[in-house]
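Participant: Just dropping this structure here.
The values are calculated or read from the model by the stated rules, or taken from the named source; none is laboratory data. Owing to the predicted nature of the structure, the values given are computational and were not obtained by experimental measurement. Please note: Cβ atoms are built from the backbone with ideal geometry, for glycine as well, and neighbour counts cover all protein chains shown. Quick note on the areas: whole protein, heavy atoms, side chains included, nothing else; ligands and nucleic acids left out. Shrake-Rupley method; radii C 1.70, N 1.55, O 1.52, S 1.80 Å.
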Amino acid sequence: MKAVVYEEPFSVAVKDVEDPSILHPNDVIVRVTSSAICGSDLHMYEGRTAAEPGIVFGHENLGVIEEVGSGVTSLSVGDRVVMPFNVACGFCKNCLAGETGFCLTVNPGFAGGAYGYVAMGPYTGGQAERLRVPFADFNCLKLPEGDEFETDFVLLADIFPTGYHGCELAQVSPGETVAVYGAGPVGLMAAYSALLRGASKVFVVDRVPERLAKAAEIGAIPIDFTQGDPAEQIKELTDGEGTDKGIDAVGYQAQAPDASHEEPAIVLNSLVETVRPTGRLGIPGLYVPSDPGGPDEHAKHGQLLVSIGKMFEKGQKMGTGQCNVKRYNRQLRDMIISGRARPSFVVSHELPLDEAPLAYEKFDKRVEGYTKVVLHPGHDLAA
């Protein structure tokens, strides 16, 4: 089959790789119809992880089941399904508690597994024509037949639940004010989710005009951090108080206002300044314990200079960690079906698998309106 394979920093290629097969009675094989490129993929693409050449990318996957293992009970050939990026067993201590992003079974020695991601287990990614799904009864979410809502449903694999998870970590409630740092796909989903949860005002901080325009389109208030300190801008719009809640949808590759260099802790510290005393911070943005490209020795080991003293002084609380997709994906699916949510507004490009190398390059450079790319293996789409 054809798949998107990592070669070296800033280089991926579509190559022929071995077809997946049933390895356990609980497996299914899915013919992938949609697989999105995620901002997290760019960390590997840029060489900012320990990813080795040869890894097949892709953890946001949707498709149709082609083969079913003998132990699978709730799924059949022909079922249309979307898979959480988290690979989870469903029966370990963390899975039973709903913490499926930190499964203790699927990746021995580490809490959590995922498709096509470094250090997240032996699970090939889905930017490919086919995908093996383990513990399929637990990991597959059934969808209506056909191809309706394709670009909405594929976002259930990661960014829609992850944006919603940011709101959950921050405990966003109706009527509250919220600051979201980062207007990439996850930041836009966090802002959208905050609005769905009834927030009265949602501020979205970024510097890319197309992203800020997207934020405005959904009813959020765009804040361009190149025009001045974002915390001060937001305080001016909240009678000097700051927001009730804040969400970091940027992570460890945050940049200085002039984009001249990285400042890994700048978003965390800006949130401490932005959120009012006793407010809460949600941190779904990715932070890693090892960053080969970190700007200093501490950053290379995931050690950042965060204003914990100011955070303590303000009595703020913080929630962190990757999304437990299964906690949210069923309800978010039903919101899509009912017409209450249309997360596909973030999708800027739908492309055939063969165009993945160019899509990675443009998405990484944030050019030509590339905000979210969905690849369609086996489809010859117009660029």
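Participant: Rounding to the nearest 20 debye, state how big the charge dipole of region 336-375 is about its Cα centre with +1 on each Lys and Arg Cβ and -1 on each Asp and Glu Cβ. Before the final figure, lay out the partial values.
Facilitator: Working: 6 positive and 6 negative charges, 72 e Å.
That gives a dipole near 340 debye.
Participant: Let me ask another. Using only Cα atoms, locate the centre of region 181-225 and the centre of region 105-130, then give the distance between them in Å, rounded to an integer.
Facilitator: 30 Å
Participant: OK, next. Stokes-Einstein diffusion coefficient for region 273-383 at 20 °C in a medium of 1.002 mPa s, Rh from the Kirkwood formula over Cα pairs: what value in µm²/s?
Facilitator: Value of D from the Cα-based Kirkwood radius: 118 µm²/s.
Participant: In whole Hz, with x marking every Gly and Pro, tabulate ³J(HN,Hα) for region 169-179 from phi via Karplus 6.51 cos²θ - 1.76 cosθ + 1.60, θ = phi - 60°.
Facilitator: After applying 6.51 cos²θ - 1.76 cosθ + 1.60, I find 4, 8, 6, 5, 10, x, x, 7, 9, 9, 10 Hz.
Participant: Report the full-extension gain for the segment Glu46 to Asp296: residue separation times 0.36 nm, less the Cα-Cα distance, to one decimal in nm. Can you show the working numbers first?
Facilitator: Details: separation 250, 0.36 × 250 = 90.00 nm, distance 1.74 nm.
Net length gain for the segment: 88.3 nm.
Participant: Same structure again: Label Lys142 and Asp16 with points 7 Å out from Cα along Cα→Cβ: what is the distance between them in nm?
Facilitator: Taking the two extended label points, one gets 3.7 nm.
Participant: Something else now. Quote the convex hull volume per residue of region 151-221, based on C-alpha atoms, as a whole number of Å³.
Facilitator: Numbers: hull volume 5.3 nm³, N = 71.
In region 151-221, the Cα convex hull volume per residue is 74 Å³.
Participant: Which of the listed residues, Asn329, Leu212, Val28, is farthest toward the dipole's positive end in the chain, when Lys, Arg count +1 and Asp, Glu count -1 at the beta-carbon?
Facilitator: Highest projection toward the positive end goes to Asn329.
Participant: Please compute the contact order of the chain in relative form: average sequence separation of alpha-carbon pairs under 8 Å and at least six residues apart, divided by the residue count, as a percent.
Facilitator: This gives 18 percent for the chain.
Participant: Then there is this: So which lysines can Lys245 reach, going by Cα to Cα under 20 Å and dropping same-chain residues fewer than 8 places off?
Facilitator: Lys201, Lys235, Lys310, Lys314, Lys317
Participant: Next question, about the same structure. Report, to one decimal in Å, the Kirkwood hydrodynamic radius for region 226-273 based on all distinct Cα pairs.
Facilitator: One decimal place: 11.5 Å for the Kirkwood radius.
Participant: Percent antiparallel among DSSP beta bridges with both residues in the chain, to the nearest 5? Present the calculation step by step, with values, prior to reporting the outcome.
Facilitator: Numbers: 32 of 57 bridges.
In the chain, approximately 55 percent of DSSP beta bridges are antiparallel ones.
Participant: Still on this structure: Which three numbers, in whole Å and largest first, are the semi-axes of the equivalent ellipsoid of region 251-300 derived from its Cα gyration tensor as √(5λ)?
Facilitator: Whole-Å semi-axes of the equivalent ellipsoid: 22, 13, 8.
Participant: Once fully extended, how much extra length lies between Ala256 and Glu7, figured as 0.36 nm per residue of separation less the alpha-carbon to alpha-carbon distance?
Facilitator: Length gained between Ala256 and Glu7: 86.7 nm.
Participant: Taking the Cβ of Glu18 as the centre, find all other residues whose Cβ is under 12 Å away and add up their charges (Lys, Arg: +1; Asp, Glu: -1).
Facilitator: For residues surrounding Glu18, the net value is +1.
Participant: Given a Förster distance of 22 Å, report the FRET efficiency between Gln227 and Glu368 from their Cβ-Cβ distance, rounded to the nearest 0.05.
Facilitator: Efficiency for this residue pair is about 0.40.
Participant: Give me Rg over Rh for region 66-182, both radii from the alpha carbons and Rh done the Kirkwood way, two decimal places.
Facilitator: 1.00
Participant: Given Cβ point charges of +1 (Lys, Arg) and -1 (Asp, Glu) and nothing else, what value in debye, to the nearest 20, does the dipole of the chain about its Cα centre take?
Facilitator: Values: 32 positive and 51 negative charges, 248 e Å.
It comes to approximately 1200 debye.
Participant: Percentage of Cα-Cα pair distances in region 135-281 greater than 20 Å, rounded to whole percent?
Facilitator: Above the 20 Å cut-off, region 135-281 has 47 percent of its Cα pairs.
Participant: Per residue of region 291-302, what does 6.51 cos²θ - 1.76 cosθ + 1.60 with θ = phi - 60° give for ³J(HN,Hα)? Whole Hz please, x for Gly and Pro, Karplus curve as stated.
Facilitator: 10, x, x, x, x, 8, 5, 5, 4, 4, 10, x
Participant: Still on this structure, I have one more. Dividing the Cα convex hull volume of the chain by residue count, how many Å³ per residue is that?
Facilitator: 131 Å³
Participant: How much area per residue is accessible in the chain when the probe is 1.4 Å and only protein heavy atoms are counted (Å²)? List each step's numbers first, then the result.
Facilitator: Details: 15480 Å² over 383 residues.
Accessible area per residue, the chain: 40 Å².
Participant: Based only on Cα atoms, what Rg/Rh ratio does region 1-86 have, Rh being taken as Kirkwood's radius?
Facilitator: Using only Cα positions, Rg/Rh for region 1-86 is 1.02.
Participant: Please get the size of the charge dipole for region 108-204, origin at its Cα centre, with Cβ charges of +1 on Lys and Arg and -1 on Asp and Glu, quoted in debye to the nearest 20.
Facilitator: 340 debye
Participant: Here's another thing I want to ask about it. Using +1 at the Cβ of each Lys and Arg and -1 at the Cβ of each Asp and Glu in the chain, identify which of Ala265, Val250, Thr177 lies farthest towards the dipole's positive end.
Facilitator: Thr177
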